[in-house]
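Everything on this sheet refers to the single structure shown next.
Nothing in this text is a laboratory measurement; each read-out follows from the coordinates by a stated rule. These figures come from a predicted structure and were not determined experimentally. Note that we place each Cβ from the backbone using ideal geometry, even for glycine, and neighbour counts take in every protein chain shown.
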Amino acid sequence: MNIRIIVIAVAISGTLAGCAVRSSGDPRPTHTSTTESRFADLLPPRPGELDLADVDPCSELLTERQLRELRYDLGYARPPLADHSDIHGGADCTFSSTGGAGGVDRNIRTLVGISTTEGALTWVTDPNRAPETRPEVVTVDRYSALVLPHPLLPDNCLVVVDTAEGQYLEVWVSPAVGDGVGPGPYCSEAERVAGMAIQTVSASR
C-alpha cells in the first residue's frame, strides 16, 4: 500500500466526518449505548449481492476506456501498482494521473480495493474507525455507499460501497503530491470511480 494511504489508514483511528448530506437524513442521537446501535439502520437493503471474491482490482475493476476517461496514466500508459490492504488484507491497486508516459497530470492518486473479510458497516461499527457523527450515504450504481472524508487530512476521501454480505469495494482518493483543496473534489472522484467499478463488475457477473 503506498505511503500516503498508510498514513490515512493509521490516522483513521481518530474520528471521521461526513461531506454535505445528500441522503443520510437527520443525524441520530448520540446517547445510544453502542456504536452498533447508532448506525444499525445506516445502509438500506442491497439491490442484490455483487460478489467481489477473486476480482483483481488492477485489471477487473476499471476498463482501459474508463482509465482513459479518468486520465489515469497508471492503468493505460503505465502499469498500476498492485498491493494489499493493511486494514482488512484484501487486494488493492493504485492508479494515478501524474503526467507519466505522456499522460495528463490531474494530480490525483486513487486506490481501489476489495474486502471479502468484513462488511461495509465495519467502517462505522469498529471503535477504531467509527465516526462520531452519522456519515453521508450515497447511491453508487444502485448500491449504497458510505462517504468518509478524513478528519485530519482534509484532502483525502474514502468511499465504501456495500456490495454483498461481508464484502465491500473501497475507493480512496487523494492528491498525488502536495496538498489539495478540501474533501469535496476527492469525494466526488471517489464516487465516480466507484460507480465505474461497480458497472464493470456487474457487466461481467
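Coupling constants for segment 114-119 follow from the phi torsions by the Karplus curve (6.51 cos²θ - 1.76 cosθ + 1.60, θ = phi - 60°), and in residue order they are 10, 10, 10, 10, 7, x Hz; glycine and proline get x. Between the alpha-carbon centres of segment 52-67 and segment 148-205 there is a gap of 15 Å. Take the Cα of D54, step 7 Å along the line toward its Cβ, and report every residue of segment 82-106 whose backbone nitrogen sits under 16 Å from that point. Hits in segment 82-106 for D54 at 16 Å: 91. The charge dipole of segment 119-205, taken about its Cα centre with unit charges on the Cβ atoms of Lys, Arg (+1), Asp and Glu (-1) only, comes to about 200 debye. A crude spin-label estimate for the pair S204 and L81, with each label 7 Å from Cα along the Cβ direction, gives 2.3 nm. Amide H to amide H distances under 5 Å link H84 with D92, where only residues 5 or more positions off or on other chains count and H is placed in the peptide plane. Around the amide H of Q167, modelled in the peptide plane, lie the amide H atoms of A120, all under 5 Å away and 5 or more residues distant in sequence or on another chain.
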